[in-house]
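Trainee: Sharing a structure below in structure tokens format, with a few things to ask.
All of the numbers you see were taken from the coordinates with simple rules; none came from a lab. Just so it is clear, the model here is predicted, and its values are computed rather than measured. Ideal geometry is used to build each Cβ from the backbone, glycine not excepted, and the neighbour counts take in all protein chains shown.
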Amino acid sequence: MDIDEMRKKMSALYDVKDWWPSESPFEVIVGAILTQQTTWETVTKVLDSMRRKGLLDLRTLATSDGELESTVRPTGFYNQKANRLRSIARYLIENHDGDVRSFLDRDLAILRKDLLSIKGIGEETADTIILFAAGKPSFVAASYVARVLTRTGALEQTSYGEVKRFVESRLPCTVQDYREFYALCVQHCKTVCLSRPRCEACALSGGCPSSSK
């Protein structure tokens, strides 16, 4: 089954138009860090709490103390995430005078390289920030995407780079196309293509080798 067919079938089931709602690009950056190893529902609650406490202000975040750890604790790995949030806030202040938009508006390759140079920012988080905060076409090859592609037999390799190259070579290079396919895969894996898949309820099962196992 090719990507176009997968996309068409999943689009008939899921509405992903407002997939990553946020009040500002910086909130997307914060959310991209917090969402690692947790649910978006938990992240939303923590973002609301950070907003109430003023912790979504860049300079406040950069100098925050233990209050940040206690606030992000529900997302798990809270010490690591708090340190990553401080790191990126300090990076933006020290290198871009706190101007998030000017940081995000730069060339995609340069932006990705700089994001990956920040301690705690890996490829998936960097691409999430680029795609959803900067609005530039860099596909997020998350594990959910790899799951859909490998289970349907579209791809055998599951490394981040292989999945990213595979999708980017087959979808139009636009922010909208990348966002939509990523969101469709995530939604499909959260509802049907679980770790123990519900193949009997899957719209992709007709062309999916996993459904016959």
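Trainee: Let's test the formula: R0 of 22 Å, r as the Cβ-Cβ distance of residue 39 and residue 11. What FRET efficiency results, to the nearest 0.05? Each step should come with its number before you reach the end.
Mentor: Details: r = 23 Å, r/R0 = 1.05.
Working from the Cβ atoms, E equals 0.45.
Trainee: Express in whole angstrom the spacing between the alpha-carbon centres of region 37-56 and region 102-177.
Mentor: 24
Trainee: Ok, one more. Placing +1 on the Cβ of each Lys and Arg and -1 on the Cβ of each Asp and Glu in region 25-133, which of 126, 88, 43 has its Cα farthest towards the positive end of the resulting dipole?
Mentor: The residue sitting most towards the positive pole is 43.
Trainee: A further question on this structure: Highest GNM mean-square fluctuation, the chain, Cα pairs closer than 10 Å: which of 111, 92, 13?
Mentor: Highest fluctuation among the options: 13.
Trainee: Any chance you could count the Lys pairs in the chain whose alpha carbons are under 17 Å apart, treating pairs 8 or more apart or on different chains as valid?
Mentor: Here the count comes out as 11.
Trainee: How would 202, 193, 173 line up from fewest to most surrounding beta-carbon atoms within 10 angstrom? Walk me through the intermediate numbers first.
Mentor: Values: 202 20, 193 25, 173 11.
Final ranking by Cβ density, sparse to dense: 173, 202, 193.
Trainee: Quick one, could you list the DSSP H helices from the chain stretching 20 Å or more along their long axis (Cα atoms) with average Kyte-Doolittle hydropathy of -0.5 or above?
Mentor: TM-like helix candidates: 175-191.
Trainee: Another question about this same structure. About its Cα centre, how strong a charge dipole does the chain have in debye, to the nearest 20, once Lys and Arg get +1 and Asp and Glu get -1 at the Cβ?
Mentor: On the way: 30 positive and 28 negative charges, 102 e Å.
Magnitude of the dipole: close to 500 debye.
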